[in-house]
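Remarks on the structure that follows.
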Amino acid sequence: MTDFVDKEGEQPAAGSEAAAEGAEQQANLAVDLEKAREEAKDLQDRLLRLAAEFENFKKRMQRERETAMKYAEEGLLRELLPTIDNLERAIEQGRNAGEVAGLLEGVEMTITGLRNTLEKFGLKPVDGVGQPFDPNLHEALVMEASQTVPPNTILQEYQKGYMFKDRLLRAAKVVVSKGSE
């Protein structure tokens, strides 16, 4: 049987070859570990940046929401300015002219314009006189006897009620028939 001899004439030890291979694996593992640590550090940095970016986004959205709420009525008020102008002109005409018919016509036109503007924004009057009494929409101030109007029907309206979109803004104050006595 022939033994292998290395360059210096010595036989290689079986353990030294395994040791060299183990050292090489250990070096490779150390390199892989360092790469994994760097990648983990990069990912952690990205995560922190993303979290900070998200917090900034939340704060910006909160500021924008507050600003929107603060100035939500701006459009409505802008639409009402011509009505205010018309009322001021009507008052000025009333002071200068002795004729009330023209003033009355101007005020009627102004209230019509105001109602149209408010309807554009979702304000609608609650039906009153002649309608059945609805406690969800009307507030009964008085009940009166009536020979011509059936019971629980609105006879008179003291103050108009209004709905804003699908919500009651103000209940109508009404007089309700209790029928004939």
I'd like the full set of residues that are among the polar types (S, T, N, Q) and part of a strand (DSSP E or B), limited to region 144-160.
Thr153, Gln156, Gln159
Residue under evaluation Pro82, criteria (1) touching a residue at least 12 places away in the same chain (Cβ under 8 Å); (2) closer than 30 Å to Ser177 by Cβ; (3) not polar (S, T, N, Q), criterion not met
(2)
(1) surrounded by 10 or more Cβ atoms within 10 Å (Cβ to Cβ); (2) over 30 Å from the mean Cα position of the chain (by Cα); (3) aliphatic (A, V, I, L, M): which one isn't true of Leu123, the others all being true?
(2)
Every residue from region 161-178 that is surrounded by fewer than 14 Cβ atoms within 10 Å (Cβ to Cβ), touching a residue at least 24 places away in the same chain (Cβ under 8 Å) and not in a strand (DSSP E or B)
Lys165
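Of Arg37, Arg115, which residue is out of contact with any helix residue (DSSP H, G or I) (no Cβ under 7 Å at 6 or more places or on another chain) and farther than 26 Å from Glu157 by Cα? Let's see the steps before the verdict.
Details: Arg115 fails: farther than 26 Å from Glu157 by Cα.
Answer to the check: Arg37.
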If you take the residues of region 51-79 that are more than 17 Å from the chain's Cα centre (by Cα) and free of Cβ contacts under 8 Å to residues at least 40 places away in the same chain, which of them is nearest to Gly122 (Cα to Cα)?
Leu77
Taking the stated definitions as given, is Thr153 β-branched (Val, Ile, Thr), farther than 29 Å from Ala72 by Cβ, modelled with pLDDT of 85 or more and surrounded by 13 or more Cβ atoms within 10 Å (Cβ to Cβ)?
yes
Looking at region 96-116, can you tell me whether even one residue there is outside any loop (DSSP other than H, G, I, E, B), under 30 Å from Glu73 (Cβ atoms), free of Cβ contacts under 8 Å to residues at least 12 places away in the same chain and in contact with a strand residue (DSSP E or B) (Cβ under 9 Å, 6 or more places away or on another chain)?
yes
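The values are calculated or read from the model by the stated rules, or taken from the named source; none is laboratory data. Being a predicted model, the structure only gives us computed values, none of them experimental. As a convention, Cβ positions derive from the backbone with ideal geometry for all residues, glycine included, and neighbour counts pool all protein chains shown.
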